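All remarks here apply to the structure that follows.
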């Protein structure tokens, strides 16, 4: 479903190269975890997948369902089924959460050639998804993410993901700022979206998230390259021993 070929990318403003020949394949139905030390390029990779303009791809390609998406803007990528859950979701004053959800869902439906949801059908879907994530509907009446706790922001993003049903879900350190209870709720929401026709990329520093969202594969990112891939047990090895040995082997 996702194939990254020899990807090189830099910060557009100053030309600093962050991704340096990255190769990665994630199949439909797979949950792939990307781990690595600070500064290795994990968040940059998520931004590039979503089409953020701050970064410039200088070499290589990103294929989604066999089609290059490098020339697509973020809205076009979203319409194709790419979803990014941010490490730090932004607050958007003046934009009602429910209105945001309705517009996003109907834009996705239009892109797929489907009819827009009626208001009763939209409300029914939101209430059902919110209940599963233990989201109080009062929260959904506020402006998007404004006044939300860290856990509420993450639940709101998983709610968006649940409603939009993307084909590729990229979770950038979604465990950041979550207490144990919120981590379990968010993880359960992600696990509910596991599907044979959906791929999930989980970017994280810590094994604790992968105890809840158990990956099919683990990939170590260092200095903009994948230096080692393995099964889920690789995450336990990293938790126990750190990155030094693997980085030494790759040097």
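The values are calculated or read from the model by the stated rules, or taken from the named source; none is laboratory data. Quick caveat, the model's predicted, so the values are computed rather than measured. Because the Cβ atoms are built from the backbone with ideal geometry, glycine has one as well, and the counts that use them run over all protein chains shown.
Reported count of residues in the stretch 132-178, each being under 13 Å from the mean Cα position of the chain (by Cα) and part of a strand (DSSP E or B), is 5.
Hey, could you check the stretch 188-206 for residues that are modelled with pLDDT under 90 and in a helix (DSSP H, G or I) and say which is surrounded by the most Cβ atoms within 10 Å (Cβ to Cβ)? The selected residue is 189. Mind checking whether some residue in the stretch 175-186 is touching a helix residue (DSSP H, G or I) at 6+ places or on another chain (Cβ under 6 Å), at pLDDT 90 or above and at negative phi? No, because not a single residue in the stretch 175-186 is touching a helix residue (DSSP H, G or I) at 6+ places or on another chain (Cβ under 6 Å), at pLDDT 90 or above and at negative phi. Only a single criterion out of (1) in contact (Cβ under 8 Å) with a residue 24 or more places away in the chain; (2) part of a helix (DSSP H, G or I); (3) farther than 18 Å from residue 50 by Cβ is not satisfied by residue 122, namely (1).
Results for (1) loosely packed, with under 12 Cβ neighbours inside 10 Å; (2) under 19 Å from residue 182 (Cα atoms); (3) at pLDDT 90 or above; (4) touching a helix residue (DSSP H, G or I) at 6+ places or on another chain (Cβ under 7 Å), shown as yes or no for each residue.
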| residue | (1), (2), (3), (4) |
| --- | --- |
| 106 | no, no, yes, no |
| 109 | no, no, no, no |
| 112 | yes, no, no, no |
| 116 | no, no, yes, yes |
| 119 | yes, no, yes, no |
| 122 | no, no, yes, yes |
| 148 | no, yes, no, yes |
| 151 | no, yes, no, yes |
| 154 | no, yes, no, yes |
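In the set (1) touching a strand residue (DSSP E or B) at 6+ places or on another chain (Cβ under 8 Å); (2) at pLDDT 90 or above; (3) more than 22 Å from residue 221 (Cα to Cα), residue 91 fails one condition alone, (2). Here residue 215 clears all of (1) touching a helix residue (DSSP H, G or I) at 6+ places or on another chain (Cβ under 9 Å); (2) surrounded by fewer than 17 Cβ atoms within 10 Å (Cβ to Cβ); (3) assigned to a loop (DSSP other than H, G, I, E, B) except the condition numbered (2).
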